[in-house]
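Each reported figure results from applying straightforward, stated rules to the coordinates on display, with no laboratory input. Note that the structure is a prediction, hence the values are computed from the model and not measured. Glycine also receives a Cβ, built like all others from the backbone with ideal geometry; neighbour counts cover every protein chain displayed.
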Amino acid sequence: MAVMGDFRADNALMIEPPYTEFDEYGPNLIDMENDFFGPFYTALYKSILSANNVIENSEDGTEVGEAKFLRALSYFKLVRVFGAVPLNTAASPSVTDEEILIRQPAEDIYNSVIIPDLMDAMSALDNSGLAEGRATEIAARALLGKVYVQRGDFSSAEPLLAAVVNGAADAGIALQENYADIFGEMNDLNSEIIYATQISSSVVDEYGFSEFWSWYGGLDTKSLEPLDPDLIAAFDASPGDLRREVNIDTALLASPKYPQTGGPDHDWIELRLGDIILLYAEALNENGADAGEVLDVLDPIRTRAGLDPLDEDDFDGQDEIAQAIQDERRLELAFEGQRWFDLVRTDTVDEEMGETINENYYIFPIPVSEILVSDLITQNDGY
């Protein structure tokens with residue numbers, strides 16, 4: 001998600017061919033299966049199969065709720081990255097069942113698995129496991145709100161996001177006073193984290209050759225100077241922003257957001273309160289809320305960043321406020337794997353990237369190894 005969310009967008013750059021294809025929007029990404037798409041695909045379907053096993057066999061309601069949350073999260077990542085994907089909800093799928101190899105439209109994945117699983121998780125879970133990093137009721141609610149925003153269903157998203165923002169304190173969730181204290185291995189599972197994938201250097205995974213924190217820090221030859229000048233310009237347009245020194249180092253052309261100390265043990269943040277506050281403001285705006293009400297929601301984010309509140313008199317209508325929210329998301333969530341998916345869902349890819357990009361390349365190639373397994377699995381158009 002780090003590489004696809006930031007390096008595909010205008011936050012970070014690949015500098016070593018053929019990885020420069022991430023910025024060229026053509027068919028050649030298909031050659032990077034072993035580096036990115038194959039391990040990503042494999043890891044998520046392993047997660048799904050494990051979740052299916054718990055859902056089928058556990059008699060513990062909390063375990064089942066946690067497993068449904070994880071299955072929904074895994075399928076959400078898959079559809080955002082690949083679009084249509086195979087659907088399996090069995091713990092022991094039959095090797096002769098061709099149906100599970102046929103890619104199902106993303107809309108069907110949302111309606112048949114992701115949304116129902118998160119609704120079930122909300123009902124089955126409380127928030128008692130938050131401090132241990134377990135799936136919780138508020139995490140399921142936050143993810144479901146994010147899912148609805150991804151689909152452009154703001155009327156369904158708003159009450160869910162409102163409940164998370166308004167119920168955060170009771171659940172023990174709060175914005176960190178210092179933005180820098182959200183990140184780094186020493187700050188894992190801090191008060192702002194709603195859910196994170198916990199990572200340990202002692203656990204071997206599909207990405208044993210590389211970790212997300214090293215990409216942003218310029219520690220991989222594929223991107224020794226990853227910082228995109230466009231992101232520098234975005235911070236230049238926000239003078240006095242305290243997030244700047246956490247996110248960008250213009251001397252190294254890299255990001256210090258994830259310190260090298262303890263790097264292999266940095267958790268990957270899936271959901272945090274800052275993200276949900278910004279999504280809530282977006283939903284309010286899209287649903288026609290008063291400009292002052294929308295901008296007030298942003299105040300805690302901007303105050304922490306050392307910035308003044310936004311004044312509704314400076315905006316001419318809903319569209320300008322929407323742009324301000326997206327600009328805030330970019331600076332707040334830089335290098336958290338969000339930017340590309342925000343551009344795609346807001347239909348602002350061409351505008352923000354400064355070029356016309358074929359929509360085929362809004363999503364990524366299905367691993368060729370999967371296609372070769374069976375003629376039932378197809379490739380995305382353009383690859």
> In region 329-377, which residues are over 30 Å from Asp299 (Cβ atoms), in contact with a helix residue (DSSP H, G or I) (Cβ under 7 Å, 6 or more places away or on another chain) and polar (S, T, N, Q)?
Replying inline: Thr356, Ser369, Ser374
> Hey, Trp213 hits all of (1) hydrophobic (A, V, I, L, M, F, W, C); (2) at positive phi; (3) out of contact with any strand residue (DSSP E or B) (no Cβ under 6 Å at 6 or more places or on another chain) but one; which does it fall short on?
Replying inline: (2)
> Is at least one residue of region 327-341 among the aromatic types (Phe, Trp, Tyr), in a helix (DSSP H, G or I), under 25 Å from Phe7 (Cβ atoms) and touching a residue at least 40 places away in the same chain (Cβ under 8 Å)?
Replying inline: yes
>> Could you list, ordered by first residue, the pairs with Cβ atoms under 7 Å in which the first is in region 17-43 and among the hydroxyl-bearing types (Ser, Thr, Tyr) and the second is surrounded by fewer than 19 Cβ atoms within 10 Å (Cβ to Cβ), at least 6 apart or interchain?
In response: Tyr25/Ile357; Tyr25/Asn358; Thr42/Glu206
>> I'd like to know if region 160-167 contains one or more residues that are over 19 Å from the mean Cα position of the chain (by Cα), surrounded by fewer than 19 Cβ atoms within 10 Å (Cβ to Cβ), within 19 Å of Ala121 (Cα to Cα) and in contact (Cβ under 8 Å) with a residue 40 or more places away in the chain.
In response: yes
> Which condition does Ala51 not pass, out of (1) out of contact with any strand residue (DSSP E or B) (no Cβ under 8 Å at 6 or more places or on another chain); (2) surrounded by fewer than 17 Cβ atoms within 10 Å (Cβ to Cβ), if it passes all the others?
Replying inline: (2)
> Across region 128-159, which residue is surrounded by the fewest Cβ atoms within 10 Å (Cβ to Cβ) among those that are out of contact with any Asp or Glu (no Cβ under 9 Å at 6 or more places or on another chain) and of a type in the set (Ser, Thr, Tyr)?
Replying inline: Ser128
>> Can you say whether Leu125 is buried (at least 19 other Cβ atoms within 10 Å of the Cβ), touching a residue at least 12 places away in the same chain (Cβ under 8 Å) and either under 22 Å from Glu328 (Cβ atoms) or β-branched (Val, Ile, Thr) (or both), as far as the supplied structure shows?
In response: no
